[in-house]
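A short worksheet on the structure shown next.
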Amino acid sequence: MTLLLPPRLTASAEAVRDAAHRRGLATVQLPAFVVPDGLRAGHLHAGPAFADAVAPGLGIAPLEAPEDWLARLEREHTQRQILAVPIAEAYALRRPAFVTSPNDKSLRAMVYADGSRLPGPDAVGPHTPVLVSDIVEFTVEYRLYLLDGAVHAGSRYAENGRLSLGPLSADAAAFGAELLAAYGRTLPAAIVVDVGTTGGRWAVIEANAAWASGLYTVDPDRALDVILRAAGPRGAVTPRDRPFVRPGCR
């Protein structure tokens with residue numbers, strides 16, 4: 001089976017490519033967001049725009065969390081209020097808030113002073129979904145690669161808002177297991193979730209598609225297990241995961 005890669009590779013993508021080669025998988029790096037005639041591939045590792053351009057024609061089904069997943073979690077697992085709304089509603093914000101796109105990352109994730117600072121209708125459509133969150137500071141942040149209801153791999157990536165790479169802690173893995181016990185059914189079987197501590201409590205930061213996530217110091221071979229399941233042949237998607245296939249690739 002072939003793993004498809006985008007024109008430009010990050011260090012993480014290169015590590016995933018090398019892990020695929022060690023496993024005996026072929027990889028193809030396309031020069032553009034166009035599938036050449038006759039190319040066959042069953043998996044991909046790339047950003048959302050690349051996936052939208054190539055996955056439907058190749059029959060690849062990228063899995064991702066529902067756009068409002070983070071907003072549906074209980075506050076005990078987020079430690080903040082989070083709303084999922086169209087950006088047209090977010091324009092009415094009259095307070096600072098952290099605003100981001102849930103899956104396609106088309107909106108710069110940052111603190112906006114109020115809704116007037118968000119990209120306007122000339123840049124994004126009024127129905128574009130955004131997540132509006134209370135502003136919190138995370139002391140430490142981890143990336144978890146989740147597979148079949150378990151924490152399969154992970155890495156620390158930040159401390160006090162600064163890049164800080166390191167191993168997965170036992171406490172972060174334990175919180176990931178707790179999260180899966182409570183919400184595993186609401187996520188695809190292969191997904192990435194970022195978690196961290198704020199105010200001394202563990203919280204979910206966000207969910208990310210495994211096929212579009214950077215590794216930090218996650219073991220590339222372990223990450224590849226999750227990536228292959230997260231973006232594989234449409235015919236291999238289980239009934240459990242069909243609702244999580246990215247729109248446009250179903």
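The values are calculated or read from the model by the stated rules, or taken from the named source; none is laboratory data. For clarity, every value in this text was computed on a predicted model and none was experimentally measured. Note: ideal-geometry Cβ built from the backbone for every residue, glycine included; neighbour counts use all protein chains shown.
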Unique match (being among the aliphatic types (A, V, I, L, M) and exposed (fewer than 13 other Cβ atoms within 10 Å of the Cβ)) among VAL28, VAL34, VAL16: VAL34
Residue within the stretch 135-152 that is outside any strand (DSSP E or B) and among the aliphatic types (A, V, I, L, M) present: yes
Looking only at the stretch 184-201, and only at residues there that are farther than 13 Å from VAL151 by Cβ, in a strand (DSSP E or B) and touching a residue at least 60 places away in the same chain (Cβ under 8 Å), the one that is nearest to the chain's Cα centre (by Cα): THR198
Residue in the stretch 222-229 that is in a loop (DSSP other than H, G, I, E, B) and either out of contact with any Phe, Trp or Tyr (no Cβ under 6 Å at 6 or more places or on another chain) or surrounded by 14 or more Cβ atoms within 10 Å (Cβ to Cβ) (or both) present: no
The stretch 235-250, subset of a type in the set (A, V, I, L, M, F, W, C), at pLDDT 95 or above and under 19 Å from ASN208 (Cα atoms), residue farthest from the chain's Cα centre (by Cα): VAL237
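Yes/no per residue for (1) modelled with pLDDT under 95; (2) of a type in the set (Gly, Ala, Ser); (3) part of a helix (DSSP H, G or I):
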site	(1), (2), (3)
ASP18	no, no, yes
HIS21	no, no, yes
PRO31	no, no, no
ALA46	no, yes, no
ASP52	no, no, yes
PRO62	no, no, no
ASP68	no, no, no
ALA71	no, yes, yes
Candidate set: the stretch 115-134, residues that are in a strand (DSSP E or B) and among the aliphatic types (A, V, I, L, M); chosen: the one nearest to PHE98 (Cα to Cα): VAL132
